[in-house]
1. Neighbour counts of other C-beta atoms within 10 Å: give me M229, M23 arranged from fewest to most.
2. Suppose only helical runs count, i.e. DSSP H with n ≥ 4. What mean residue ellipticity at 222 nm does that imply for the chain under -39500 (n - 2.57) per run, divided by all residues and rounded to the nearest 500 deg cm²/dmol?
3. Averaging sequence separations of C-alpha pairs under 8 Å and six or more residues apart, then dividing by the length of the chain, give the relative contact order as a whole percent.
4. Identify, among T304, S341, I286, the residue whose Cα sits farthest towards the positive end of the charge dipole of the range 286-358, taking +1 on the Cβ of Lys and Arg and -1 on the Cβ of Asp and Glu, with the dipole about the Cα centre.
5. So how much slack lies between L222 and N50, counting 0.36 nm per residue of separation and subtracting their Cα-Cα distance, in nm?
6. Between V57 and residues 5 or more places away or on another chain, which pairs have amide H atoms under 5 Å apart, with H built 1.01 Å from N, and which residues are they?
7. I'd like the distance between the alpha-carbon centres of the range 305-325 and the range 38-64, rounded to an integer number of Å.
8. Can you give the FRET efficiency to the nearest 0.05 for E411 and S78, using r as the Cβ-Cβ distance and R₀ = 56 Å?
Amino acid sequence: MDSLFDDAEERAAASAAPLAVRMRPRTLDEVVGQQHLTAPGSPFRKLIDNDAPMSLVLWGPPGTGKTTLAYVVSQVTSRRFTELSAVTAGVKDVRAAVDAARRELGLSGRQSLLFVDEVHRFSKTQQDALLPAVENRWVSFIGATTENPSFSVVSPLLSRSLLLTLQPLADDDIRNLVTRALADERGLDGKVQLDQDALDHLVRLAGGDGRRALTYLEAAALGASRIDMATLERAVDRAAVRYDRDGDQHYDVISAFIKSIRGSDADAALHYLARMIEAGEDPRFIARRLIVHASEDVGMADPTALGVAVAAAQAVEFVGLPEARINLAQAVIHLALAPKSNSVIRAIGAAQADVQAGLIGAVPAHLRDAHYAGAKRLGHGEGYVYPHDLPEGIVTQQYAPDVVDGRAYYEPTTHGAESRFSERSRLIREILHPEGDRKQEGEQS
């Protein structure tokens, strides 16, 4: 009789669990995404298939399957599963879990799997408490973290573990996840229909986070037999941004974004940034466009702009959304307010045009490599003057091939910091070409 009550309680608890928990995969083949980890022959798959002792650190953004993979390991191996959350557990809990694992190993020979979620929240002391158990393989350890383990996990623990990196789920992965939850008896069991445009919007809202997708789906499905766009918007309190990442909206918005920055309208640029983020645009794509813009449209007028854009791109990789939107916004504001110059792109464009037109002369003899045997006999390096030997650091000597000698590709503006480079560039050219034989870009020799 007790077992009947126990079964009923388990079924009730399962039905009350969040949709994301109910839909948690039971085998590796049910795992959506992370094919680089679950594919046959991969190190992780080999550990599972061979039921080998393991110590793993799973690193990836929220909702990419770190807990799921740990749960699957517990299901497909014969190990006893213990889960701790670093948010609530302390050293005492860690030691209790390890002691229980050692007793189980001694009494029955059964291995235990200790999963620590948010392991980066453990202090150094708490992480150190895991070391004997990992070192002696009293437990198979899996730690999950959303932060870079190189900074958040102590070196001794990290060196004893295999680091596996999880990627945000692709749109098709999210789509498969939602479709499965709609049909599966553990999920919505075919009782709810989801319109195509609502599905597309749900995929965008998920932003590569599978748990978020299922949470939004569950909220929209409450009391509904059909989920259309309006139902989904009410459930998640976010209006759908009409934006097709493969269509005109994608190109129109990114074009308006860049042109707003080029036009120094920070407010308009921030609008388009928010629009792309809300629509689920890949933040790495936005960051790449900022890096290009920093040199193409700001350039030497503010040489720090490129560093700001690159730093924002690195922040996207390290932090991820939603926090990285702040870093992107800072870069957008900096680039929009910076003085503008397109002299860099014009300079490289003019130089390339000459090369493509066949203006490729021999390297002057005094500039050629003179470090190998026989170079001196050929006259290589003869007559070269070392600029550092002169107080000014600049010497009158030819650097370009004859065919383009004196050609001016870089034409600085007087905008922002480039005004300083403009005067210096003029003085340097006067020293290099004292007779005024400088040729303008585009002028044929």
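Taken together, the values in this text are just the output of simple stated rules run on the coordinates, not laboratory data. Since we're looking at a predicted model, the values are computed, not measured. When we count neighbours, we look across all protein chains shown, and the Cβ atoms used for this are built from the backbone with ideal geometry, even at glycine.
1. By the 10 Å Cβ count, ascending: M229, M23.
2. So the calculated ellipticity at 222 nm is -15000 deg cm²/dmol.
3. Numbers: 640 pairs, mean separation 48.2, N = 445.
Across the chain, relative contact order equals 11 percent.
4. The residue sitting farthest along the positive end of the dipole is I286.
5. On the way: separation 172, 0.36 × 172 = 61.92 nm, distance 4.23 nm.
Gain on extension, L222 to N50, equals 57.7 nm.
6. Under 5 Å from the amide H of V57 lie the amide H atoms of G143, L162, L163, L164, each far enough along the sequence or on another chain.
7. Spelled out, the Cα-based centre of one part sits 29 Å from the other.
8. The computed FRET efficiency comes out at 0.15.
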